[in-house]
1. For the chain, find the longest principal axis of its Cα atoms and tell me its angle to the long axis of helix 67-76, 0 to 90°, nearest 10.
2. At a 1.4 Å probe radius, carbon and sulfur cover how many percent of the accessible area of the chain?
3. Where the centroid of each part is defined by its Cα atoms, how far is region 58-77 from region 133-149 in Å?
4. How do 146, 56 rank by accessible surface area computed with a 1.4 Å probe, from largest to smallest?
5. Provide the packing ranking of 181-190, 148-157, i.e. peptides ordered by the mean count of other C-beta atoms within 10 Å per residue, highest first.
6. Between the helical axis of 157-180 and the dominant principal axis of the chain, each derived from Cα atoms, what acute angle in degrees is found, rounded to the nearest 10?
7. Let me know the charge dipole size of the chain about its Cα centre in debye, to the nearest 20, where only the beta-carbon of Lys, Arg (+1) and Asp, Glu (-1) is charged.
8. So for region 15-162: antiparallel DSSP bridges make up what percent, rounded to the nearest 5?
Amino acid sequence: MVEIGQRLYDRGLIVAAEGNISARLADGNILITPAGMCKGRMAADDCVVIDLAGKKKQGSRSASSEWQMHTTAFGQRPDVAACVHAHPPYATAFAVAGIPLAECVLPEVVATLGSVPIAPYATPSTAGVGQSLDSYIDRYDAFLLKNHGVLTLGPDLETAFRKMETVERLAQIVHLARSLGAVDTLSCGDVEQLLNLTQTLHSRFSGTETPVCGTCRVGTPSHTD
């Protein structure tokens, strides 16, 4: 967790005391970063252990004030064991502009992450942030938080961190492409072929209400069985 905090800070995905990181422990408790501290300058004993109700179990510091966002993810997604929240500048700009990263433009992103929806605005450090994810958390692993930042989920910290990097790189490329002119998206046939090849999005991106990109939707048996 200390290393992930340093990497977020070194890559400019957080500054000052921004961001928070958590991991599910074997006993069901949550290891989480401390409140009010630069995550690029943490030591291992700065981290805090809490339970799913937010009660501190171990540590000398206060847990991140946004612990409820993390416990919501862990409570609703048994497959998730790590959460990373950061404020990457390009992706956060999309969140501020109210523009989801929903276009299928990069094969690698389609195959590993899919689209990134925008969760409605909720006041940071309140239960509302976790509640704002309710419409998406069962299907997506990355979210733009309206006027706030980005949250990514994974089975481990490294995976959750890489998804954060992927979201930021996608946002940067889409922004640059739009400045050059129209963005060419992959065809629905291209998307179909990618999903059939990778078999990585069959559960997270199923159902007629889940857009994989701006025009294509996944709902065929080949993606849900």
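The values are calculated or read from the model by the stated rules, or taken from the named source; none is laboratory data. No experiment lies behind these values; they were computed from the predicted model shown. Every residue, glycine among them, receives a Cβ derived from its backbone with ideal geometry; neighbour counts consider all protein chains shown. Please note that ligands, DNA and RNA were not included when accessible areas were found on the heavy atoms of the full protein model with its side chains. Shrake-Rupley method; radii C 1.70, N 1.55, O 1.52, S 1.80 Å.
1. 60 degrees
2. 52 percent
3. Each part's Cα centre sits 16 Å from the other's.
4. 56, 146
5. 148-157, 181-190
6. Between helix and principal axis, roughly 50 degrees.
7. 540 debye
8. Taking every DSSP beta bridge within region 15-162, about 90 percent pair in antiparallel fashion.
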